[in-house]
Amino acid sequence: MFGSLGSMLPLVLMFVVLYFVMIRPQMKKQKEHKAMIDALAKGDEVVTSGGVLGKVSKMGESFLSVEVASGVEIQVQRSAVVQVMPKGTVK
């Protein structure tokens, strides 16, 4: 009986280590990203996944209008926002 339990122990330990090293940090990062996207507001300065830096000018349920230059707006998905920059970054 101990032989079969002893052979399963390394497999269980590997799964536990995998959970704490890879899965749990990824879930935490996803939760933080969702909270950041939910907290977006008009006037926030953001960076998109494509590297475009701009200011949020209009907000929809799943899309944002980001002003990248004076009079130039692009629409991006909310999930494409990677980072919210400090105020004053965009000139």
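The values are calculated or read from the model by the stated rules, or taken from the named source; none is laboratory data. This one's a predicted model, so the numbers in the text were calculated from it and none came from an experiment. Cβ sites come from the backbone with ideal geometry, for glycine too, and all protein chains shown count toward neighbours.
Before we move on, is LYS31 in a helix (DSSP H, G or I), closer than 30 Å to GLN77 by Cβ and of a type outside the set (A, V, I, L, M)?
Working: in a helix (DSSP H, G or I): yes; closer than 30 Å to GLN77 by Cβ: yes; of a type outside the set (A, V, I, L, M): yes.
It is true that LYS31 is in a helix (DSSP H, G or I), closer than 30 Å to GLN77 by Cβ and of a type outside the set (A, V, I, L, M).
Can you tell me which residue is farthest from SER49 (Cα to Cα) among those in segment 69-91 that are among the β-branched types (Val, Ile, Thr) and at pLDDT 95 or above? It would help to see each step written out before you state the result.
First, the residues of segment 69-91 that are among the β-branched types (Val, Ile, Thr): 72, 74, 76, 81-82, 84, 89-90.
Restricting the remaining residues to those that are at pLDDT 95 or above gives 72, 74, 76, 81-82, 84.
Details: VAL72: 18, ILE74: 13, VAL76: 10, VAL81: 6, VAL82: 6, VAL84: 12 Å.
Within segment 69-91, the match that is farthest from SER49 (Cα to Cα) is VAL72.
When SER65 is tested against (1) small (Gly, Ala, Ser); (2) within 22 Å of LYS29 (Cβ to Cβ); (3) more than 18 Å from the chain's Cα centre (by Cα), just one condition goes unmet, and that condition is (2).
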